Amino acid sequence: MTQQQETGCVLRLFGAQSTAVGKTVENFPPQWRAAAQWKSRGAETLVALQAQSPSGLKKAAQALRQAFSADLYGAGETTLPAAVVEALERHDKLLICADAAAGALLEARLENLPGAEKVFDFGAVSYANPKTGPLIEKRARLPKDCTDPLRQALARAQAARRVVGADLSAACAERENDCVLVLSCRKGCFLRTVPAGENPALWLLDIIRRTAANKPQAEGTGFLPARRAAKKDVLPSPQPKRHPLRRVCMTLLVLALLAALAAVGAWKYTNGNFYALPEQLRALLTEHVPRPGATLV
């Protein structure tokens with residue numbers, strides 16, 4: 001009897017937590033006879049699955065697909081840029097860039113992919129166009145004294161999408177220690193702050209892929225509705241952190257106020273003689289409590 005050969009496959013995730021992948025693998029039923037190894041590089045995680053039967057491999061892969069449906073972008077040798085082109089083409093979405101910074105992140109990664117020219121303009125009809133580029137700046141309607149790169153990126157992304165008539169418009173706000181990625185769609189703008197040490201191009205590609213496929217964004221990616229994104233003051237003021245003792249102090253203050261009100265009421269009820277309060281309360285209760293054999297009217 002020949003030993004059955006193991007089968008395997010590789011799944012590619014972006015934005016998934018490595019600990020969450022480990023918990024999912026640990027919950028594989030023993031009867032599947034499946035195991036997995038995974039390795040994360042930045043926000044990208046490769047999961048190598050192996051099983052002793054095709055059915056076990058299929059069940060293990062399906063479990064990961066269900067647990068990480070939004071994070072899973074491909075299998076085998078699929079790259080994230082290729083997954084983005086496939087998602088844009090499948091859902092009939094046109095992607096443009098609103099500025100050169102976003103163009104530098106995307107164009108080099110998409111230029112050699114088959115079908116990319118059908119879903120991405122490479123700046124030809126957007127920011128790099130001699131007529132459309134100035135029109136985008138004009139439609140952005142930014143004050144001359146505006147120096148906030150995030151406000152500029154938000155305004156350009158929304159203006160570019162409307163001027164060109166595209167479905168998605170990407171922009172990038174470059175700052176000293178990080179950059180903010182912006183993707184404008186009809187409903188609003190997705191935003192993500194990427195530190196200088198990470199790869200902003202991959203994060204922007206993942207935001208585009210999820211938006212095109214109508215999938216939830218990775219944890220840490222924010223969203224501004226269209227009306228709010230159109231306002232000049234788009235950044236919400238940080239919420240002050242409440243001290244843990246604040247709630248206790250408020251509770252004690254309310255209790256003290258109630259005690260003071262009770263003391264005032266007792267003072268008036270006893271005409272200033274607190275020692276008579278117990279006897280008066282006892283008489284009040286005795287007066288209103290029916291005695292045995294009494295008839296309530």
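Taking a straight Cα-Cα cut-off under 20 Å and skipping sequence neighbours fewer than 8 places away in the same chain, the aspartates and glutamates within cross-link reach of LYS23 are GLU44, ASP71, GLU219. Inter-label distance, GLU111 to ALA226: 3.4 nm, where each label sits 7 Å from its Cα along the C-beta direction. Pairs spanning more than 25 Å between alpha-carbon atoms, out of LYS59/LYS215; LYS131/LYS187; LYS39/LYS118; LYS93/LYS131: LYS131/LYS187; LYS39/LYS118. The residue list ALA70, LEU49, PRO30 was ranked by how far each Cα lies along the charge dipole of the stretch 1-96 toward its positive end, using unit charges on Cβ atoms, and PRO30 comes out on top. Among 73-86, 31-44, the peptide with the highest mean count of other Cβ atoms within 10 Å heads the list, and the full ranking is 73-86, 31-44.
Of the solvent-accessible surface of the stretch 1-92, computed with a 1.4 Å probe over protein heavy atoms with every protein chain present, carbon and sulfur atoms account for 48 percent. Near the amide H of ASP167, within less than 5 Å, lie the amide hydrogens of LEU94, all on another chain or at least 5 residues away, with H placed in the peptide plane. Computed from backbone phi with θ = phi - 60° and the Karplus coefficients 6.51, -1.76 and 1.60, the 3J(HN,Hα) list for the stretch 203-215 is 5, 5, 4, 5, 4, 5, 4, 5, 5, 4, 8, 6, 10 Hz; x is used for glycine and proline.
Each residue of the stretch 138-143 in order: what ³J(HN,Hα) in whole Hz does its phi give by Karplus 6.51 cos²θ - 1.76 cosθ + 1.60, θ = phi - 60°, with x for Gly and Pro? The phi angles translate into 5, 6, 5, 6, 8, x Hz. With all protein chains kept in place, the per residue accessible area of the stretch 1-121 amounts to 57 square angstrom at a probe of 1.4 angstrom. Name all residues of the stretch 187-225 having a backbone nitrogen under 14 Å from the label point set 7 Å from the Cα of SER69 along its Cα→Cβ direction, giving them as ranges. Zone members listed by number: 213-217.
Ligands, DNA and RNA left out, the accessible area of the stretch 146-205 computed with a 1.4 Å probe is 41% carbon and sulfur. Multiplying the residue separation of THR19 and ALA104 by 0.36 nm and subtracting their alpha-carbon distance yields 27.3 nm. With θ taken as phi - 60° and the Karplus curve 6.51 cos²θ - 1.76 cosθ + 1.60 applied, the whole-hertz 3J(HN,Hα) list for the stretch 116-125 is 5, 5, 7, 10, 9, 8, 6, x, 5, 10 Hz, x standing for glycine and proline.
What FRET efficiency comes out for the pair CYS9/ARG41, r = Cβ-Cβ distance, R0 = 25 Å, nearest 0.05? Computed FRET efficiency for CYS9 and ARG41: 0.85.
With r defined as the distance between the Cβ atoms of LYS187 and GLU26 and R0 fixed at 51 Å, what FRET efficiency is calculated, to the nearest 0.05? Once the sixth-power term is evaluated, E becomes 0.85. The H on the amide N of PHE28, modeled in the peptide plane, is under 5 Å from the matching H of no residue at least 5 residues off or on a different chain. Placing +1 on the Cβ of every Lys and Arg and -1 on the Cβ of every Asp and Glu, with nothing else charged, gives the stretch 1-79 a dipole about its Cα centre of roughly 100 debye. Between the stretch 151-185 and the stretch 1-64, the C-alpha centres lie 37 angstrom from each other.
The calculated FRET efficiency for the pair LEU252 and GLU279, based on their C-beta separation and a Förster distance of 35 Å, comes to about 0.65.
The values are calculated or read from the model by the stated rules, or taken from the named source; none is laboratory data. Just so you know, these numbers come straight off a predicted model, no measurement behind them. All Cβ positions, even for glycine, are placed from backbone atoms using ideal geometry, and neighbour counts span all protein chains on display. To get the accessible areas, we keep the full protein, side chains included, count just its heavy atoms, and leave off ligands, DNA and RNA. Shrake-Rupley method; radii C 1.70, N 1.55, O 1.52, S 1.80 Å.
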